[in-house]
Each structure stands twice: as structure tokens, then as C-alpha cells.
Amino acid sequence: MLDNHHDAAAQAERRLERSVAAALRVIAAAHVERQAPPVSAARRRLSEVYGATRLARRLEQERRTA
């Protein structure tokens, strides 16, 4: 009985280790992809557009309330 419990616990630990390793591989791949020059440039451009859009909305709102 103890051996079965020990084996099950060891198998569960190995599954957890494999799962964590897989998650870390996915995170590393996503990090590399985000750092790629085209992706980085696109993210920067989207950030600029988003900032400009927020500024335009705020200015429009200020004009309406003034």
C-alpha cells in the first residue's frame, strides 16, 4: 500500500515537473518572440498610436466641458 502511494506521488511530481518545464518553455518562446525587432517595432508603434488616441480623446473631452 505504501509503495502504491509512493509511486503515485512520484508520478504526480514528475507530471508537475514536466508541466512546469513546458510552461517555462512557452514563456521563454514568447519572450524571444516579443523581443524580435519586427514585433518590438510593432508594439512600439501600437503604443504610440494608443497614446495619441488617448490624448485626442482627453483633449476632445476637455473642449466639450470648457
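The values are calculated or read from the model by the stated rules, or taken from the named source; none is laboratory data. In this text the structure is predicted, and so the values were computed from the model without any measurement. Quick reminder, even Gly has a Cβ in these numbers, built from the backbone with ideal geometry, and neighbours come from all protein chains shown. In case anyone asks, the SASA skips ligands and DNA or RNA and just uses the protein heavy atoms, side chains included. Shrake-Rupley method; radii C 1.70, N 1.55, O 1.52, S 1.80 Å.
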Quiz item: Hey, if you put +1 on the Cβ of every Lys and Arg and -1 on every Asp and Glu Cβ in the chain, which of G51, N4, V20 ends up farthest toward the positive end of that dipole?
Solution: G51
Quiz item: So what's the angle, to the nearest 10 degrees on a 0 to 90 scale, between helix 37-65 and the longest Cα principal axis of the chain?
Solution: 50 degrees
Quiz item: So, with a 1.4 angstrom probe, what is the percent of accessible area on the chain that is carbon and sulfur?
Solution: 59 percent
Self-check item: Size of electric dipole in the chain: Cβ of Lys, Arg +1 and of Asp, Glu -1, about Cα centre, debye, nearest 20
Solution: 700 debye
Practice problem: Please identify, among A23, A42, A56, the residue showing maximal mean-square fluctuation in a Gaussian network model of the chain using a 10 angstrom Cα cutoff. | Solution: A56
Quiz item: Using a 1.4 Å probe, what is the accessible area per residue for the chain, in Å²?
Solution: 94 Å²
Quiz item: What angle, in degrees between 0 and 90 and rounded to the nearest 10, separates the Cα long axis of helix 2-35 from the longest principal axis of the Cα atoms of the chain?
Solution: 30 degrees
